[in-house]
Amino acid sequence: MKNGCVNTLNVNLSKMLRGCKDVCSETQPHSIKIEGDITLGGLFPVHSRGPAGVPCGEIKKEKGIHRMEAMMYALDQINSDPDLLPNITLGARILDTCSRDTYALEQSLTFVQALIQKDNSDVRCSNGEPPIIPKPERVVGVIGASASSVSIMVANVLRLFAIPQISYASTAPELSDNNRYDFFSRVVPPDSFQAQAMVDIVKAMGWNYVSTLASEGNYGESGVDAFVQISREAGGLCIAQSIKIPREPRPGEFEKIIKRLMETSNARGVIIFANEDDIKRVLEAAKKANLTGHFLFVGSDSWGAKNSPILNLEDVAEGAVTILPKRASIDGFDQYFTTRSLENNRRNIWFAEFWEDDFKCKLTRPGIRGNSGLRKCTGEERISRDSAYEQEGKVQFVIDAVYAMAHALHSMHNDLCLGSMGVCDKMDPVDGRMLLSYIRAINFNGSAGTGVMFNENGDAPGRYDIFQYQLSNTTNPGYKVIGQWTNHLRLNAEDMQWSGGDKLVPDSVCSFPCESGERKRMVKGVPCCWHCELCDGYQYLLDEFNCDMCPFDMRPTPNRTGCRPTPIIKLEWSSPWAIIPVFLAVMGILATSGVIITFIRFNDTPIVRASGRELSYVLLTGIFLIYLITFLMIAEPSTVVCAFRRLFLGLGMCISYSAMLTKTNRIYRIFEQGKKSVTPPKFISPTSQLIITFIFISVQLLGVFIWFGVIPPHTTVDFDELRPPNPEYARGILKCDMSDLSLIGCLSYSMVLMVTCTVYAIKSRGVPETFNEAKPIGFTMYTTCIIWLAFVPIFFGTSQSTEKMFIQTTTLTVSMSLSATVSLGMLYIPKVYVIIFHPEQNVQKRKRSFKAVVQAATVSTHLSQKSSDKQNGETKVEPDRSQ
């Protein structure tokens, strides 16, 4: 009865399968089935995404067939290895994801159907007994998928049934979340490691301002998010723009993207996490916009070292830096794959389709009309011989993923089956959660000789090769390895070259470094952008963002990175401002010395005696000191020099004008007294005159010594006087501590004497020339007043000049020398001339009494008045009272 029930059920199932084959042949998924004791699932993008309404498109030779064949190659190697899973054969159920996550999800349900509990209570055989239904194959683990979006979709289903999954290409950081994707592992490093490597590359090239491009989807968006997050944590790197490429881009979309990138044209570096098609179309748009060489691309592993994205766009891609998990070409796979043919590879149900695409021919199939445009396949074609072949980059990782599953099963078998042959009861069925723990614990050398292991999140360690696409100055254009990244970057900068073969790394910065002496004024909200502002005037660069004033006695260095002492200057003897005063002073000293020597030589002659020898020697001493002060004013300031300046600056003039004031006062008193009386006035003797003169002089000396006591003489350096806007011309002036006001105060007493003397000279203007120099003294004082009236505006009018000290010193010394020269020239040079050249006039005349002198002066005065009256047209006769 039991056998009858089974036979009846098999017959019914056969009818159901035949009916399903007829009705559902177009919708049921195709798959590859490889028998084995333990079955592994496989997910591969054998076909590309189809157009709208069609799940699958064209066959993908490398990403699809190469990777899928790599899994079957690995299974062959494991099943033939006596040391790995001995007496246990690994089988497989391999599905096509068609590069679409939703389609892959439907396909992956095949892996879990054995775990779905079905209610067969209402099914009975004809004899009333329950039917015997064969169990569907049980998949213990899945290899795949390729795209991160597919892996995420499938992982959400597999974790519900505790089926471990090992991906060979999915790198989205999201899959590292061990709470959501606890049964997911991968033999490739996540994009977070890749993003870290790309951040390190960007920083190594000195860039701080870049844009990002991401294909819409988990891979692109999560990759860019990881890059942005890591760059933000690392600091010093700013994102100019972050642009997403739509999953279904509209016409002109990529041209708009290029325009957006050019809005921040300084951000030449473009970080791109995108699929091959998007990469190619971005390059095409850049070329169309005539921006070849402008953008500097840094591509993720989706670009890697592939030629398809840059085909016919090599000039735009030149200099692109790309990253790819460290890989090696597996020689065993090359030998295996190149020997595949239509005869020996019937287990691959898509191999015929691959064959047609690879050799550009058409196979004859029953019921299918051949394409007349293609030649007929002979079946004798050979891969690599009759078609181009290059091992796809992820083949190594597919093999490592299969071996990782095998090593985990091997360890699990050793622990549970205790050396028994084949699959023991404890492994039938395989506990998925236990298998996961063994997967996370494996550690072996993979197909390329590098270690295969997983961390607590199921991620493989980050190991990347860094490539650059080089076109110029090379006999073999293409991708060149320029570095590696294994937790840290090793970049060979000398191996890099850019557009046109340039070795200098191009800039991708928002703002260029400020020049020396310029501070950064940051742009709000953009930490990598700033404006450079010069530290002007007497400021120096305190730090990167601030300027500060130099101390008053210092000025900024030429590069404004610090301060340096301000040079200290003084009036040099060789300066034009000193040469003229010194020349006048030397000539004056020589002339004065000549007059003094002449007077001493002819001391007892009438002219010398008549000029008042005692006061003349005093006056000549004052003139000599006036000339001498020029040398003190120009000499380098010191305490002694400053003391002598204070003493002699006003003393020479004080002596001269005291003597002249005494003379004019004497003459004035004599003739005023003579109008009233014949008795001579008091204090007109030489001794009295000397006493009066020295009293005047003592007032000046008293003032100077009081000044010494209150403010002792000392030097100072004036940094404010010569401090122009340009600090290069700033100088400190070494000078005596004498302000302009104190200097004028020092001369003010002499000015009072000079004015008083001038007043007496005016009052004595009627005295005849022959009487004691009254008129020469008057002319001297008039001229001196004019000189000093000119001195005042010149002296104070130059107070704002950058050469104030030099102008004022020269003006003062020249004015003093000119006033001394006027005195010397008008009072003594005529006398010296007569003494030397006309000695016959230097004779004794008859002495007259004071009365006679006064009468003569009176007569002279009356005659002058009469002459004046005649000139006015009037004649007046008066008696002569001079007798």
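Using a 1.4 angstrom probe on heavy atoms only, work out the carbon and sulfur share of the accessible area of the chain in %. If you can, show how the numbers build up before the last one.
Numbers: 23810 of 43010 Å².
Carbon and sulfur: 55 percent of the exposed surface of the chain.
Among rounded, prolate and oblate, which fits the chain when a ≥ b ≥ c are the square roots of the eigenvalues of its C-alpha gyration tensor, a/c under 1.5 means rounded, and a/b larger than b/c means prolate? Walk me through the intermediate numbers first.
Details: a/c = 5.67, a/b = 4.86, b/c = 1.17.
Here the chain falls in the prolate category.
Rounded, prolate or oblate for the range 373-520? Axes are the square roots of the Cα gyration tensor eigenvalues, ordered a ≥ b ≥ c, and the cut-off for rounded is a/c under 1.5. The partial results should precede the final answer.
On the way: a/c = 3.81, a/b = 1.53, b/c = 2.48.
Because a/c hits 1.5 or more and a/b fails to exceed b/c, the range 373-520 counts as oblate.
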Original post:
Between the range 592-618 and the range 418-480, how many Å separate their Cα centres?
Top reply: 121
Subject >> Using alpha-carbon coordinates, inclination of helix 101-112 to the longest axis of the chain, degrees >> reply: 40
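So which of Lys244/Lys524; Lys306/Lys503; Lys306/Lys394; Lys60/Lys288; Lys288/Lys503 end up more than 19 Å apart, counting from Cα to Cα? Walk me through the intermediate numbers first.
Working: Lys244/Lys524 25 Å; Lys306/Lys503 24 Å; Lys306/Lys394 12 Å; Lys60/Lys288 28 Å; Lys288/Lys503 26 Å.
Beyond 19 Å between Cα atoms: Lys244/Lys524; Lys306/Lys503; Lys60/Lys288; Lys288/Lys503.
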**OP:** Starting from the Cα of Lys735, draw a straight line to each of the aspartates and glutamates and keep only those under 16 Å, dropping any in the same chain fewer than 8 residues away.
**Re:** Asp553, Glu572, Glu636, Asp718, Asp720, Glu721, Glu803
Original post:
Using alpha carbons only, how many degrees (0 to 90, rounded to 10) separate the axis of helix 276-288 from the longest principal axis of the chain?
Top reply: 40
Subject >> List Ser447, Ser215, ordered by accessible area with a 1.4 Å probe, largest first >> reply: Ser447, Ser215
Subject >> Once the Cα gyration tensor of the range 47-146 is diagonalised, semi-axes √(5λ) in Å >> reply: 32, 25, 10
Original post:
Put a dot 7 Å past each Cα toward the Cβ at Ser739 and Asp81; how far apart are the dots in nm?
Top reply: 9.9
Original post:
Going by a ≥ b ≥ c, the root eigenvalues of the Cα gyration tensor, does the range 218-274 fall in the rounded group (a/c under 1.5), the prolate group (a/b larger than b/c) or the oblate group?
Top reply: oblate
Subject >> Angle between the chain longest axis and helix 432-441 axis [Cα atoms, degrees, rounded to 10] >> reply: 50
Original post:
trypsin sites (Lys or Arg not before Pro), restricted to the range 625-726: which are DSSP loop and have at most 16 other Cβ atoms within 10 Å?
Top reply: Lys682
Original post:
Under 19 Å Cα-Cα from Lys376, which aspartates and glutamates qualify once same-chain neighbours fewer than 8 residues away are excluded?
Top reply: Glu343, Glu353, Glu356, Asp357, Asp358, Asp386
Original post:
Near Lys682, which aspartates and glutamates are there with a Cα under 14 Å away, not counting those fewer than 8 places off in the same chain?
Top reply: Glu672
Original post:
Cα atoms only, the range 518-565: Rg and Dmax in Å?
Top reply: 12.0, 40
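Among 511-521, 222-232, 140-150, what's the highest-first ranking by average C-beta atoms within 10 angstrom per residue? Present the calculation step by step, with values, prior to reporting the outcome.
Values: 511-521: 15.2, 222-232: 22.0, 140-150: 27.0.
Highest mean packing first, the order is 140-150, 222-232, 511-521.
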Original post:
Tell me, in nm to one decimal, what length is gained between Ser574 and Val699 on full extension, where the rule is 0.36 nm per residue of separation less the Cα-Cα distance?
Top reply: 41.3 nm
Original post:
How far apart, in nm, are the 7 Å Cα→Cβ label points at Asn414 and Glu284?
Top reply: 5.4
**OP:** Arrange the residues Glu284, Glu248, Glu318 by how much accessible surface each exposes, largest first, with a 1.4 angstrom probe.
**Re:** Glu248, Glu284, Glu318
**OP:** Could you list which residues have their amide H under 5 Å from that of Thr171, counting only those 5 or more apart in sequence or on another chain, with H placed in the peptide plane?
**Re:** Ser148
Original post:
Just how much of Ile786 is accessible, in Å², when a 1.4 Å probe is used and the result is rounded to the nearest 10?
Top reply: 120
Subject >> 1.4 Å probe accessible area per residue over the range 518-565, in Å² >> reply: 60
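The values are calculated or read from the model by the stated rules, or taken from the named source; none is laboratory data. What you see is a predicted model, and the numbers here were worked out from it, not measured in a lab. Here Cβ is always computed from backbone atoms with ideal geometry, including for glycine, and neighbour counts include all displayed protein chains. Ligands, DNA and RNA are excluded from the accessible area calculation, which covers all protein heavy atoms including side chains. Shrake-Rupley method; radii C 1.70, N 1.55, O 1.52, S 1.80 Å.
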